[in-house]
Amino acid sequence: MKKILVTGSTGQIGSELTPALRQRHGADMVVAAGHRTRPGESLLASGPYVAFDIRDKGALEKVIIQYDIGAIYHLSALLSAVAEERPQQAWDVNINGLVNVLEAARIHGCRVFHPSSIGAFGPSTPQDNTPQETIQRPKTIYGVTKVTGELLGDYYFLRYGVDCRGVRYPGLISHETLPGGGTTDYSVEMFYGALRQKKYTCYLAPDTRLDMMYMPDAIRAAIGVMEAEAAGLSHRNAFNVTAMSLTPAELHGAICKQIPDFTLDYKVDSVRQAIADSWPNSMDDSAARSQWGWRPEYTLETMTADMLARLAGKLGRG
Ligand code: NAD
Ligand code: SER
């Protein structure tokens, strides 16, 4: 049977998607690909691991041939805040890297999962209940790469029949690996602040509303869209998916129910605030729900309880 390759496997999503896929398909069936970040011991010990730069097409093809890869979960990327600091590198990694993956998929007959983001929308997009199909004029280089990625995925499917699929993830909250430099990272940092110092200084204003999702739901979304019947998918590369829509003040309130003396103050970072203000308040994910049965399991309350319990265990504060 053909194997699965996960690029960006040491990142926030990859470090949890890789073990989930290994559990589902068998440890040896899932090859984890990293870059410069040192992989965790469990990632290394639980199955094959390779390291290369996604911009190196030859290295990618070598791995695909060596391991007989049939599906690629492509997660290597620069996220929104880091991308805004290094726009040229963001284009190089997010787009030239993606083209390498799509070309390799075309030549070697692989399926591809490539996530888009709430960052694919911009200030002229309707911000509430953002439709599946709507105006996409992002003002960030991250958003430009995400819209381009959605279009490239569609093109490779229509032109070459490459089975490329994806979702538009909201901000992701998780305890395994810290986020890699996005605008929604505050949501994870707030949990660490609550448990370590009982205080946190947020770089977004209290009423900044954004879609969010707990990582177990994000993993189910990736696997769910990849395992869906192809015939039912009319938006294959960019399904809106969400689980909750919240502000820093609301997340603080939810954490305070369990840690009442947790204090939050604000020091707004104008760059990340401008990015967040240009993204939706809440997305309409009815196309994902009707076309492949998407349904999140975690609410703000159940996510907060699980995050606090698991992070407390990890930080030795249980
Ligand atoms: P991350 O920053 O945690 O991980 C990205 C990985 O890419 C890192 O492990 C890094 O080593 C790797 N990488 C960077 N440059 C590379 C290169 N030149 N060659 C090979 N690998 C390289 O990101 P993540 O949060 O896991 O995101 C994965 C994907 O999901 C990205 O496409 C991102 O845009 C998308 N996404 C993430 C979120 C979120 O909140 N985490 C939300 C929406 C969309
Ligand atoms: N969480 C991501 C970011 O903030 C959204 O794509 O960049």
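So which GluC sites (Glu not before Pro) in the stretch 111-206 pass both tests, a DSSP loop state and at most 11 other Cβ atoms within 10 Å of the Cβ?
Details: sites: GLU133, GLU150, GLU176, GLU189; in loops: GLU133, GLU176.
The qualifying sites are GLU133.
Return the single residue from GLY14, GLY181, GLY153 with maximal mean-square fluctuation; model: Gaussian network over the chain, springs between Cα atoms under 10 Å. Top of the fluctuation ranking is GLY181.
The stretch between LYS198 and GLU229 holds 6.5 nm of extra length on full extension. This uses 0.36 nm per residue minus the Cα-Cα distance.
Over all directions, the projected convex hull of the C-alpha atoms in the stretch 26-174 averages 9.9 nm² in area. Beyond 22 Å in Cα-Cα separation lie the following of the pairs LYS57/LYS139; LYS146/LYS199; LYS3/LYS146; LYS199/LYS314; LYS146/LYS314: LYS57/LYS139; LYS146/LYS199; LYS3/LYS146; LYS146/LYS314.
Can you give me the Rg/Rh ratio for the stretch 254-318, using Cα atoms for both radii and the Kirkwood formula for Rh?
Working: Rg = 16.8 Å, Rh = 15.4 Å.
Reported Rg/Rh (Cα atoms, Kirkwood Rh): 1.09.
Between the alpha-carbon centers of the stretch 202-276 and the stretch 11-36, tell me the distance in whole angstrom. Centre-to-centre distance over Cα atoms comes out at 23 Å.
Rounded to the nearest Hz, the phi-derived 3J(HN,Hα) couplings of the stretch 91-99 under the Karplus curve 6.51 cos²θ - 1.76 cosθ + 1.60 (θ = phi - 60°) are 4, 4, 6, 6, 9, 5, x, 5, 4, where x marks glycine and proline. In the stretch 148-221, the C-alpha radius of gyration followed by the widest Cα-Cα span (Dmax) gives 16.6, 54 angstrom.
Report, as a whole number in µm² per second, the diffusion coefficient that Stokes-Einstein gives for the stretch 157-303 at 4 °C and 1.567 mPa s using the Kirkwood radius over alpha carbon pairs.
Numbers: Rh = 16.4 Å.
Estimated diffusion coefficient is 79 µm²/s.
Backbone phi angles across the stretch 22-29, fed through the Karplus curve with coefficients 6.51, -1.76 and 1.60 (θ = phi - 60°), yield HN-Hα couplings of 5, 5, 6, 10, x, 4, 6, 7 Hz in residue order; Gly and Pro are listed as x. Here the contact order of the chain, divided by its residue count and restricted to Cα pairs under 8 Å and six or more residues apart, works out to 18 percent.
I'm checking a number: the convex hull volume of the Cα atoms of the chain, normalised per residue, in Å³. What is it?
Details: hull volume 39.0 nm³, N = 318.
Dividing the Cα hull volume of the chain by its residues yields 123 Å³.
For the stretch 49-126, the equivalent ellipsoid built from the Cα gyration tensor has semi-axes of 26, 15, 10 Å, listed from largest to smallest.
Less than 19 Å apart at the alpha-carbon level, and either on another chain or at least 8 residues along: which aspartates and glutamates does that give for LYS62? Straight-line reach from LYS62, under 19 Å: ASP28, ASP53, GLU103. Under 5 Å from the amide H of ARG165 lie the amide H atoms of VAL112, PHE113, HIS114, each residue being 5 or more positions distant or on a separate chain, with H modelled from the backbone and absent for Pro and chain starts. Taken over the stretch 100-231, the alpha-carbon convex hull comes to 140 cubic angstrom per residue. Given their separation in residues at 0.36 nm each and the Cα-Cα distance between them, ALA309 and GLN273 gain 10.0 nm when the chain is fully extended.
Can you pull the Rg over Rh of the stretch 40-87, Cα-only, Kirkwood?
Rg divided by Rh gives 1.05.
Using only Cα atoms and rounding to the nearest 10 degrees, what angle (0 to 90) does helix 186-196 make with the longest principal axis of the chain? Around 60 degrees separate the two axes. Across the accessible surface of the stretch 163-318, with the other protein chains kept in place and a 1.4 Å probe, carbon and sulfur atoms take up 50 percent. Each residue of the stretch 76-88 was assigned a 3J(HN,Hα) from its phi angle through the Karplus expression (A = 6.51, B = -1.76, C = 1.60, θ = phi - 60°), giving 5, 5, 9, 8, 4, 6, 5, 4, 5, 6, 9, x, 5 Hz with x at Gly and Pro.
The values are calculated or read from the model by the stated rules, or taken from the named source; none is laboratory data. The model shown is predicted, which means the values in this text are computed figures rather than measured ones. Neighbour counts run over all protein chains shown; Cβ positions are idealised from the backbone, glycine included. Heavy atoms of the whole protein, side chains included, go into the accessibility calculation; ligands, DNA and RNA do not. Shrake-Rupley method; radii C 1.70, N 1.55, O 1.52, S 1.80 Å.
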